[in-house]
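Novice: One structure, pasted below without further comment.
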Amino acid sequence: MLVLGLETSCDETAAAVVENGLTIRSNIVASQHDLHAPFGGVVPEVAARAHAERITAVVDEALRVAACRPADLGGIGVVNRPGLVGALLVGISAAKGFALAWDLPLVGVDHIDAHVYAAHLAGFHAYPHVSLIVSGGHTCLYRVAGPQRLAVLGQTADDAAGEAFDKVAQMLGLGFPGGPALARCAEKGDPHAIRFSRCGPNEKLSDSPNFSFSGLKTAAYYRLRDPAGGRALRKISEQERADVAAGFQEAACEILVEKTLAAAQRGGIKDVAIGGGVACNKRLRVLFAERARMLTPLVNVFFPPPALCADNAAMSAGLAFHRLSKGERDPLDLEADPTPKRA
Ligand code: KG4
Ligand code: ZN
């Protein structure tokens, strides 16, 4: 079965065609980063308008690259939560239009579940496994027993990991999107020059599977704040900028790695998969490999390729297949829901 997937939850307009939940026939992503960069963050109204302008062309391109006609499709999967409500509505409305015009079943897809599914789509089929999803809006640990069979193990009490990368990048004057810019800047820095604390004084990272990044973000702010200038930031040298970026990245990555591996060990699970935009971070990939190798029994850590970690519609199409192939469909009054379902 060929499934058309649509994704418009944030600032990527994406469409993809996936065969039987596994074979990616096309995966088109139109990024809006250039539109939001002047504002230093995603502007919901700008995102929704850009989705509306681009969605039809992106779907046309996904069908063209997949060499597939609407009549060849078995259904449509559209992300309907969580995300920016105006942005979600564009994808949902387009999906309803296509479903009606082409007489196809439609199912709503949870964006976070789709990030978890990206590992399956990339060929990782070890179940049960622990999944860490680290994106701009979410930081969650799951026990995954199979596609769509998730149980929450832990989540963030405040900021998402990607949000913390973005905010610290902004303080460092590194532009938008902040995560990749901070990672590039950190390459020139010494990760040990500045040590940001990873948890409270009487805690160990392995004590809890829950995350908190606001303290780390605030520590970076206090490091950069001008003591004489209220909320203003100090002028810093290029080397200090790089050292703060590297020190922050090291702390953030260590928190993610230690808590995830501890959760896997606690549950007696030997396989771990990572997803979401922050999973593109090279230092995170290296640190996971280094630490997992030191454990007994060994823990195997899987990272999907970067194109499947960042927002894309292939993961949505792949996940939708598992409902569509059972004959399930959602009604055409499917709604946008901005909140995560496991809040
Ligand atoms: O999953 P995603 O593409 O969109 C959301 O669902 O939020 O994740 C975007 C997040 C942003 O916060 C971005 O700065 C971060 O992923 N990100 C990175 C890197 N690439 C993207 N963070 C750290 N290092 C990277 N290389
Ligand atoms: Zn995402």
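Novice: Excluding Pro306 itself, calculate the net charge of residues whose Cβ lies under 15 Å from the Cβ of Pro306, where each Lys or Arg counts +1 and each Asp or Glu counts -1.
Specialist: +2
Novice: Provide the gained length on full extension for the span His33 to Glu45, in nm with one decimal, where the gain is 0.36 nm per separating residue minus the Cα-Cα distance.
Specialist: Value of the extension gain: 2.9 nm.
Novice: First check a/c for the stretch 16-165, with a ≥ b ≥ c the square roots of the eigenvalues of its C-alpha gyration tensor; if it is under 1.5, answer rounded, and if not, answer prolate when a/b is larger than b/c or oblate otherwise.
Specialist: Oblate, since a/c reaches 1.5 and b/c is not below a/b.
Novice: Here's another thing I want to ask about it. In sequence order, what are the phi-derived ³J(HN,Hα) couplings for the stretch 188-199 according to the Karplus relation 6.51 cos²θ - 1.76 cosθ + 1.60 with θ = phi - 60°, rounded to whole Hz, with x for glycine and proline?
Specialist: Values, residue by residue: 8, x, 9, x, 9, 5, 10, 9, 8, 6, 8, 7 Hz.
Novice: With n ≥ 4 as the cut-off for DSSP H runs, can you work out [θ] at 222 nm for the chain, using -39500 (n - 2.57) per run divided by the number of residues, rounded to the nearest 500?
Specialist: Per the formula, -13000 deg cm²/dmol.
Novice: What does the highest-first list of 251-259, 109-117, 281-289 look like by mean Cβ count within 10 Å?
Specialist: Those peptides, ordered most packed to least, come out 109-117, 251-259, 281-289.
Novice: Under 1.5 on a/c is rounded, so check that first for the stretch 77-130, then, if it is not, pick prolate when a/b is larger than b/c and oblate when it is not; a ≥ b ≥ c are the square roots of the alpha carbon gyration tensor eigenvalues.
Specialist: Oblate, because a/c is 1.5 or more while a/b does not exceed b/c.
Novice: Averaging over all projection directions, find the projected area of the Cα convex hull of the chain and quote it in nm² with one decimal place.
Specialist: Approximately 17.3 nm², given one-decimal rounding.
Novice: Out of the DSSP beta bridges found with both residues in the stretch 126-303, what percent are antiparallel (nearest 5)?
Specialist: In the stretch 126-303, approximately 60 percent of DSSP beta bridges are antiparallel ones.
Novice: Next question. Evaluate E = 1/(1 + (r/R0)^6) for Thr218 and Met294, where r is the Cβ-Cβ distance and R0 equals 45 Å; express this FRET efficiency to the nearest 0.05.
Specialist: 0.90
Novice: Let me ask another. Mean-square fluctuation check for the chain, GNM, Cα pairs under 10 Å: which of Pro177, Pro227, Pro209 is largest?
Specialist: Maximum among the listed residues: Pro227.
Novice: Okay, next question. Residues with amide H under 5 Å of Leu153's amide H, sequence separation 5 or more or different chain, H placed in the peptide plane at 1.01 Å from N; which?
Specialist: Leu141, Tyr142, Arg143
Novice: Additional query: Would you mind checking the pairs Lys282/Lys341; Lys167/Lys188; Lys167/Lys282; Lys188/Lys282 and listing those with alpha carbons more than 25 angstrom apart?
Specialist: In this structure, Lys282/Lys341 exceed 25 Å between Cα atoms.
Novice: What are the ³J(HN,Hα) values, in whole Hz, obtained from phi via the Karplus relation 6.51 cos²θ - 1.76 cosθ + 1.60 with θ = phi - 60°, for each residue of the stretch 146-155 in sequence order, with x given for Gly and Pro?
Specialist: x, x, 6, 10, 10, 10, 6, 9, x, 7
Novice: Ok, one more. Within 11 Å, Cβ to Cβ, of Gly86, how many net charges do the neighbouring residues add up to if Lys/Arg are +1 and Asp/Glu are -1?
Specialist: 0
Novice: Quick check on the stretch 126-303: what does the Kirkwood estimate of hydrodynamic radius come out to from the alpha carbon pairs, in Å?
Specialist: 16.6 Å
Every number in this text was worked out from the coordinates using simple rules, so none of it is lab data. Because the structure is predicted, anything quoted here is derived from the model rather than measured. Quick reminder, even Gly has a Cβ in these numbers, built from the backbone with ideal geometry, and neighbours come from all protein chains shown.
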